[in-house]
Amino acid sequence: MAEQRTIILDCDPGHDDAVAIMLALGNPGIELLGLTTVGGNQTLEKVTRNAQSVLVMCGRDDVPVHPGASRPLLRPVEVAEGIHGDSGLDGVELPEPTRPVASPHGVQFIVDTVMGAEPGAITLVATGPLTNLALAARLEPRIVERVREVVVMGGGYHEGNWTAVAEFNIWVDPEAASIVFDEEWPLTMVGLDLTHQALATEEVERQVAEIGSDLGEFFIGLMAFFRQAYRENQGFDDPPVHDPCTVAYLIDPAVVATRKAPLVVELHGEHTKGMTVADFRAPAPDDCRHQVATELDRDAFWRMVVESIRVLSVADERR
Ligand code: BDR
Ligand code: CA
């Protein structure tokens, strides 16, 4: 097990973002300082409210939610309604938020938090389009050398899901992704090659059902909708739960095998816009700051997720 990691989770909940939040809150290996939200799976307004509802379900409405960018840097908003539904978290009843959203703006929160902490203390985890991280790097360039690591769910070196070669989070705001990938911070890309191994099988749901809690039922409702959406839209039997793979990697790097490879984001290709291009020619340069996730220890990953739901459920019962 690695040392505890202090993170900001930049997200667009989203069924799998919701599971990333559960894992971050239910595992002692993570200190979650706050959520920043970004327009992606649904509008900024909807994903922000979803983030608040998930925190209520987790019994952790003390975690601040800072709304960030509502649209990509250059392009119009594109949401993933076919995968996440009209609310962005279809399949469950969403509790009303119990607290207002926090200020400042999500981008300013990232800047203030990183600048106010010791250098190397904060890890940025992004599970939506990279608009907020790009804006933060431009607003205060000194954050780049102070951030410990950036861990991104996005891209893929063999696979796409929104186009033949582009993954949704990168496709929505490729210019922002390009800024974030080109900055001098260490960056781990947890892309589709890895996250398509994180399938929520019926066995996983059975284990969560055994916990017998409201949060467990919430997870199961989310996964039922997600499974149907992935069956209809992407030909999967079970849904790939992408976003918590980033958090699992931080909790225990042994769960996610990685390989160093320089990465760039394709911005201009007629058929390849939004593709993440990994250079696997060996050896990777000594100063290579990029790594890509390659292989998931599925059992260990799901053990972590199920355990986090159990931990949050027990804490909720005690209240
Ligand atoms: C990514 O896109 C979103 O729909 C999911 O939440 C995940 O972050 C997968 O391509
Ligand atoms: Ca997401």
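The values are calculated or read from the model by the stated rules, or taken from the named source; none is laboratory data. This structure is a prediction, so every number in the text was calculated from the model and none was measured. Positions of Cβ are generated from backbone atoms using ideal geometry, with glycine treated the same way; all protein chains shown enter the neighbour counts. The area values use the complete protein model at the heavy-atom level, side chains included, leaving out ligands, DNA and RNA. Shrake-Rupley method; radii C 1.70, N 1.55, O 1.52, S 1.80 Å.
Between region 79-112 and region 127-188, how far is it from one alpha carbon centroid to the other, in angstrom?
19
Within the chain, what percent of beta bridges assigned by DSSP are antiparallel, to the nearest 5?
Approximately 30 percent, going by the DSSP bridge assignments.
Could you check the spin-label model distance between residue 288 and residue 99? Points 7 Å from the Cα along Cα→Cβ, value in nm.
4.2
Can you tell me the dipole magnitude for the chain around its Cα centre, using point charges on the Cβ only (Lys, Arg +1; Asp, Glu -1), in Debye to the nearest 20?
On the way: 24 positive and 50 negative charges, 99 e Å.
Dipole about the Cα centre, nearest 20: 480 debye.
When Lys and Arg each count +1 and Asp and Glu each count -1, what net charge do the other residues less than 12 Å away from residue 202, Cβ to Cβ, add up to? Before the final figure, lay out each step's value.
Working: positive: 206, 227; negative: 203, 205, 237, 238.
That works out to -2.
Multiplying the sequence separation of residue 300 and residue 201 by 0.36 nm and subtracting their Cα-Cα distance, what value in nm do you get?
Details: separation 99, 0.36 × 99 = 35.64 nm, distance 1.42 nm.
That pair, residue 300 and residue 201, stretches by 34.2 nm at full extension.
Among rounded, prolate and oblate, which fits region 18-90 when a ≥ b ≥ c are the square roots of the eigenvalues of its C-alpha gyration tensor, a/c under 1.5 means rounded, and a/b larger than b/c means prolate?
Note, shape of region 18-90 comes out prolate.
How large is the dipole of region 9-83 about the Cα centre if only Lys and Arg carry +1 and Asp and Glu carry -1, each at its Cβ, rounded to the nearest 20 debye? Please report the intermediate quantities before stating the final value.
Values: 5 positive and 10 negative charges, 31 e Å.
Result for region 9-83 is approximately 140 debye, rounded to the nearest 20.
What is the distance in Å between the Cα centroid of region 257-319 and that of region 1-75?
Using only Cα atoms, the two centres lie 17 Å from each other.
Between residue 62 and residue 158, what's the calculated FRET efficiency when r is the beta-carbon distance and R0 is 45 Å? Round to 0.05.
In this case the efficiency is close to 0.65.
For the modelled label position 7 Å from the Cα of residue 81 along Cα-to-Cβ, which residues of region 29-46 have backbone nitrogen atoms closer than 19 Å?
In region 29-46, the label zone of residue 81 (backbone N under 19 Å from the point 7 Å along Cα→Cβ) covers 39-46.
With every protein chain left in place, what is the accessible area of residue 206 in Å² (1.4 Å probe, nearest 10)?
Residue 206 has an accessible surface of roughly 110 Å² with all protein chains in place.
Report the FRET efficiency, 1/(1 + (r/R0)^6), for residue 70 and residue 277, where r is their Cβ-Cβ distance and R0 is 25 Å, rounded to 0.05.
Details: r = 29 Å, r/R0 = 1.15.
Calculated transfer efficiency: 0.30.
Which shape class applies to region 180-296: rounded if a/c is under 1.5, otherwise prolate when a/b exceeds b/c and oblate if not, where a ≥ b ≥ c are the square roots of the Cα gyration tensor eigenvalues? List each step's numbers first, then the result.
Working: a/c = 2.83, a/b = 1.77, b/c = 1.60.
It is prolate, given that a/c is not under 1.5 and a/b is the larger ratio.
Which of rounded, prolate or oblate describes the chain when judged by the alpha-carbon gyration tensor and an a/c cut-off of 1.5? It would help to have the intermediate numbers written out before the result.
Working: a/c = 1.35, a/b = 1.23, b/c = 1.10.
Note, shape of the chain comes out rounded.
From a point 7 Å beyond the Cα of residue 233 in the direction of its Cβ, which residues of region 43-72 have a backbone N at a distance under 18 Å?
43-48, 50-51, 72
Could you check the simple spin-label distance between residue 175 and residue 252, using points 7 Å along Cα→Cβ, in nm with one decimal?
Result: 4.3 nm between the two label points.
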